[in-house]
Amino acid sequence: MTAAAPSDHPLAVRHRVVRALRAFFDQRGFLEVQTPVRVAAPALELNIHAIPAGGAWLRTSPEFHMKRLLAAGWPAVYQIGPCFRAGERGARHHPEFTMLEWYRAGARANDILDDLQALLPTLGELATATAIARRPAAIAGLKASIRVITVSEAFRAAAGWDPWREENPDRFDHDLGERVEPWLPRDTPVVLWGYPPFAAAFAKVDAGPPPIAERWELYVDGVELVNACTELTDPAEYRRRQAEWAVLRAARGQPVYPFDPAFYEALPSLPPCAGAALGVDRLVMLLAGCESVIDTLATPEDVPLQADARPPAVE
Amino acid sequence: MYTASDLRKGLKIELDGVPYEVVEFNFVKPGKGQAMYKCRIKNLITQTTQDRTFREVDQIGKPDLEERVVQYSYEDGHHYVFTDPHTFEEFHLTEETLGDARYFLSDNVEVSLLIHNGRVIGVEFVKPFVEKQIVETEPGVRGDTATNVTKPAKIDTGYELRVPLFIDVGDVVRIDTRTGEYVERVGRR
């Protein structure tokens, strides 16, 4: 920490960011909640791996518990807290990270985009001199309008193919990282909108034609910051997708988690809703001008590198 | 076998029978997609680097690699003989395997051998700097220590390198065995 500008320390930025996020959602009538960190059934997704914790698991996201709160009648909830994902370690990933999630009953993905458009300029005010020097266009862009680019448009322009004409998840994942993300403009925040059904995750799929998952991702200066969607509410479709992923995971030798009975019990009461997840560490990284999310952590890691090297094998 | 999640900087892997070292490593995971491990890998035989992206499901070979610290013993025709001081096992290395390292050998100097499937593929000096006497060069230009101008010179083993203008025949210079380059003048013998 430099004595001259302690307020520019990533930890001080983190403090201001979290305070600003809370103020934003509090003003809009959201209820702040804390749901369990240790869970019996982490939300089973194709490419997300949970860390075991004494006969249970550490949550990979609070998504299912927060949807249970919506099912119980709460109209707008948010949570800022730790999440854990096995094997994710890099400049923009850390096995333990802080996530902001928010959900609105009666909303769709574009309502969440409105939330974000209101939130980003406030966050832009928190950028340090280092961040402004390092990412001038991106930081100035936080006050500008979010630019919406469809996934189809981006793939055709940057990767030369259309994921709606060729259902190829492997190629999609590869080209998203290698071609589309580097191609995205960096002078304004960008939303990639409307994913192919095979990349829907838990988003509602608009029947079309063509069928499009009502899901979007926000990028700031090429950094993926928010994932949002109109949430799937159909219990049968949840079961179908999770069963499909379970088969694929088992075939890859990856652990298959139990379906969460309490979540499935609550699902019939889940109202139409939309939700989003924002990586707080990445946001702090951007606003403090850090190169890596590691630089935004309060203390150096004390879990040895090998401890989370690989997703635990099937038992 | 390794899986992609074992990859990190410094890990030695094997692809199509060739050993590589991961020299740069990036974990990326766009959207809800599969994790990708973007690596720059160095071929441990040719020392050339290339970029390679691995996916989460990829299986990656584990090379049979061993490091042995040995001492230089003697030259035997076309071979250079090194001895493990503990087991007295001898390693006969060719000029080709040693590369420029052969010019910097001295009695009992310690080198570390990198052995892949029983074949020596790398030789590094345990102490990377060696001192060698200049036996051939243009007469030294006194006082010129500031410029970066260099001239050719030869050491007793026949190795040629570039040295500053003030260096004379008989001067002892320090050489970095990793680059084969002149480092500094250490005196006269």
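The values are calculated or read from the model by the stated rules, or taken from the named source; none is laboratory data. Remember, it's a predicted structure, so these values are computed and weren't measured experimentally. Every residue, glycine as well, gets a Cβ built from its backbone with ideal geometry; the counts of neighbours run over all protein chains shown. Only protein heavy atoms, including side chains, enter the accessible area calculation; ligands, DNA and RNA are left aside. Shrake-Rupley method; radii C 1.70, N 1.55, O 1.52, S 1.80 Å.
Structural remarks
- R0 of 35 Å, Cβ-Cβ distance B:Val141-B:Asn108: FRET efficiency to nearest 0.05: 0.45
- Given charges at Cβ of Lys, Arg, Asp, Glu: the range A:10-296 dipole, positive-most of A:Ala144, A:Thr60, A:His174: A:Thr60
- Scattering curve values for the range B:2-60, log₁₀ I(q)/I(0), Debye with Cα scatterers, q = 0.12, 0.23, 0.27 Å⁻¹: -0.26, -0.87, -1.13
- Rg to Rh, two decimals, where the range A:198-263 supplies the alpha carbon set and Rh follows Kirkwood: 1.04
- Long-range amide H partners of A:Asp206 with built H, under 5 Å: A:Ile212, A:Ala213, A:Glu214
- According to the Kirkwood relation over distinct C-alpha pairs, the hydrodynamic radius of the range A:172-228 is 11.9 Å.
- Förster-model FRET efficiency, 22 Å R0, A:Ala140 and A:Asp114, C-beta, rounded to 0.05: 0.55
- Extension gain for B:Asp51 to B:Thr179 (0.36 nm times residue separation, less C-alpha to C-alpha distance): 43.7 nm.
- Computed label-point distance, nm, for sites B:Arg188 and A:Trp161 using a 7 Å Cα→Cβ extension: 7.2
- For the range A:158-166, 3J(HN,Hα) per residue [Karplus equation, 6.51 cos²θ - 1.76 cosθ + 1.60, θ = phi - 60°, Hz, x = Gly/Pro]: 9, 10, x, 8, 10, x, 8, 9, 10
- Note on the protein assembly as shown: Rg/Rh from C-alpha atoms, Kirkwood Rh, equals 1.10.
- Each label point was placed 7 Å from the Cα along the Cα-to-Cβ direction; for A:Arg28 and A:Trp74 their separation is 1.6 nm.
- Rounded, prolate or oblate (a/c below 1.5 giving rounded, otherwise prolate when a/b exceeds b/c) for the range A:23-85 by Cα gyration tensor: prolate
- Cross-link partners of A:Lys67 among lysines (Cα-Cα below 27 Å; sequence separation of 8 or more within a chain): A:Lys204, B:Lys29, B:Lys32
- Restricting the calculation to alpha carbons of the range B:65-125 gives Rg and Dmax of 10.3, 28 angstrom.
- Cα-only radius of gyration and Dmax that characterise the range A:10-144, units Å: 16.6, 47
- Tensor-based shape of the range B:14-110 (alpha-carbon gyration tensor, a/c under 1.5 rounded, otherwise prolate or oblate): prolate
- Of the trypsin sites (Lys or Arg not before Pro) found in the range A:167-206, the ones in coil according to DSSP and having at most 16 other Cβ atoms within 10 Å of their Cβ are A:Arg186.
- Among the listed pairs B:Lys132/B:Lys154; B:Lys12/B:Lys42; B:Lys42/B:Lys132, those whose Cα-Cα separation exceeds 21 Å are B:Lys42/B:Lys132.
- Based on Cα contacts under 8 Å between residues 6+ apart, chain A shows a relative contact order of 25 percent.
- Neighbour-limited loop hits for GluC sites (Glu not before Pro), the range B:5-106 (at most 11 other Cβ within 10 Å; DSSP other than H, G, I, E, B): B:Glu89
- Semi-axis lengths (Å, descending) of the ellipsoid that matches the C-alpha gyration tensor of chain B: 40, 24, 11
- GluC sites (Glu not before Pro) restricted to DSSP loop in the range A:119-208 with at most 15 other C-beta within 10 Å: A:Glu125, A:Glu166, A:Glu167
- Principal axis dimensions, the range B:129-188 - Cα atoms, whole angstrom, descending: 27, 19, 19
- A Cβ-based charge dipole, computed about the Cα centre of chain A with Lys and Arg at +1 and Asp and Glu at -1, lands at about 320 debye.
- A viscosity of 0.692 mPa s and a temperature of 37 °C, combined with the Kirkwood radius over C-alpha pairs in the Stokes-Einstein formula, give the range A:93-242 a diffusion coefficient of 198 µm²/s.
- Centre separation in Å (Cα based) which lies between the range A:138-205 and the range B:3-45: 25
- Apportionment of accessible area to carbon and sulfur, the range A:16-150, percent (1.4 Å): 53
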